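Encoded as structure tokens, the structure appears first; notes follow it.
The values are calculated or read from the model by the stated rules, or taken from the named source; none is laboratory data. No experiment lies behind these values; they were computed from the predicted model shown. All Cβ positions, glycine included, derive from the backbone under ideal geometry; neighbour counts span all protein chains shown. Side chains are part of the model used for accessible areas, which takes the heavy atoms of the whole protein and leaves out ligands, DNA and RNA. Shrake-Rupley method; radii C 1.70, N 1.55, O 1.52, S 1.80 Å.
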Protein chains: 2
Amino acid sequence: MKLNVYATPDSVSDKELKDKTAVIIDVLRATSTILAALANGCKEVIPAVEVEEVIAMSKNYEKDSFLLCGERNIQPVEGFHLSNSPLEYTEEQVSGKSLLMTTTNGTRAVRRAMDAKDVIICSLSNVDAVAEYLAEQEDDAAFICAGTDGQFSLDDIVTAGAVIHRLRDRVEHLDLGDLAVVSEYMYKQCADDLHKVIKHSLHYKRMMECGLADDIEYCLTLNAAPIVAVYKDGVIKKLDGVQA
Amino acid sequence: MKLNVYATPDSVSDKELKDKTAVIIDVLRATSTILAALANGCKEVIPAVEVEEVIAMSKNYEKDSFLLCGERNIQPVEGFHLSNSPLEYTEEQVSGKSLLMTTTNGTRAVRRAMDAKDVIICSLSNVDAVAEYLAEQEDDAAFICAGTDGQFSLDDIVTAGAVIHRLRDRVEHLDLGDLAVVSEYMYKQCADDLHKVIKHSLHYKRMMECGLADDIEYCLTLNAAPIVAVYKDGVIKKLDGVQA
């Protein structure tokens, strides 16, 4: 099984996605939030790149059946129901609803993967479930990290490494690209305490400055939302029957 | 001192180079070769992106005053004097000559840095000299890795890490971007035996398949060409009076 990791959506080409499972990572915080929402019973998450897109889409939904969700540069979007904190996406808030969502980095990464054979959502919240799914599918995988402001982001890389490391026990032969090798090394440096490495990430530091330590604590908890979520036809839904 | 590492020339923007020292790395093998040549007394190295450029430039030089140098996809270019093996660039071959050079990855990285305040060439051959130079200059630095075929390449990342690690003793406060953090970690994993990590790099494996183990051995030898080389006005020259 070939595993490649891409630090940003711009660094992967369409031909590198063909016939592969794309694994989208934006651990602080978009994919953590999406997984929390789906684990807590929302119907679906529809990612958009622009705020205007989200607002336009909402006109197609019945009142009370949807929520406007997301952030720009860590801050909530004015007029939206929920920001990008996974802690807001409780069962009470989201159950049965369609979440129309846009974030600075993560939703762009999801959309980039449209040409892959299969697209799944990943954060530290579901590393076991993702490893299990990839091992069963057997397709080569491309981990697409959202990055931060178009740049390499350590938090996403460690997350990819956490999945890769879990594949060692499940798949006989792994063929790792250079950044996949690095991702696994970096994860192993901090498997006992993820903060130890991830705290050096620019995005982690910015979130701490914004008073989001509780969000970070949630996002760095392994397997907090142990589900598989698949992106297909513009919509992310939980895959039933899969629990890690 | 702020230190950022960029995995490929495409991942750095002009504004990220402004007022900075750009440190160009293509350890397997362009920058190792350039440094070997300058250490062995060539007059200058003139990097070009295309083979045709090299041939066109040569018309401006007197016979016997220049050499056509480089490779495409690891193989020598037909009609050129020297390939990209640093072992060919002996004093006997290169002394006093202008080397007109093009490589698949490295010379593109050199040219990308033109907007930086200052551009220097780096490989494992001169990590001490580069660290010393950066510490004296005090400007922020941007390490631009050539990468391999436009992708993250572990060998270049470890090289950046080797310099960053040496700056710890020389500079009071280092502010590292995410990939700079990773680069330093990866270097520290293999400081005692660089092959231990770099052998996992795709480019290393390709070179071994091409029978270039001796080149690899040279390129992974620390401080084999302990000079500083500066790129200015289209030309790379050795900085006199600097020896690590």
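Some values worked out for this structure:
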| read-out | value |
| --- | --- |
| Distances in nm from B:G211 to the matching label points in the other copies, shortest first (labels 7 Å along Cα to Cβ) | 6.8 |
| Helix-only CD estimate at 222 nm, as mean residue ellipticity for chain B, using -39500 (n - 2.57) per DSSP H run (n ≥ 4) | -10000 deg cm²/dmol |
| Segment A:174-233 shape via C-alpha gyration tensor axes, a/c threshold 1.5 | oblate |
| Farthest positive-ward along chain A dipole, Cα basis, beta-carbon charges - from A:G79, A:N4, A:S153 | A:G79 |
| Violating pairs (Cα-Cα greater than 32 angstrom) within the set A:K97/A:K199; A:K43/B:K15; B:K196/B:K232; A:K205/B:K18 | A:K97/A:K199; A:K43/B:K15; B:K196/B:K232 |
| Neighbour cut-off at most 15 other Cβ (10 Å), DSSP loop, GluC sites (Glu not before Pro), segment A:124-189 | A:E138, A:E172 |
| Net charge of Cβ neighbours under 12 Å - reference A:E44; Lys, Arg +1; Asp, Glu -1 | +4 |
| Average other protein chain Cβ within 10 Å of Cβ, residues A:143-154 | 3 |
| Nonlocal amide H pairs with B:A48, under 5 Å, H built at 1.01 Å | B:M101, B:T102, B:T103 |
| Ascending list, in nanometres, of distances separating the A:R168 label from those of the other copies (7 Å, Cα toward Cβ) | 2.3 |
| P(r) tail fraction, chain B - alpha-carbon pairs more than 22 Å apart, % | 47 |
| B versus A: buried accessible surface, summed, Å² (probe 1.4 Å, to nearest 100) | 1700 |
| Inter-copy spacing of B:D233 label points, which lie 7 Å from Cα along Cα→Cβ, given in nm from shortest upward | 6.5 |
| Antiparallel bridge percentage (DSSP; both residues within segment B:2-233; nearest 5) | 15 |
| Volume of the Cα convex hull of the protein assembly as shown, divided per residue and given in Å³ | 148 |
| Counted charge near B:G234, where neighbours are those whose Cβ lies closer than 13 Å (Asp, Glu -1; Lys, Arg +1) | 0 |
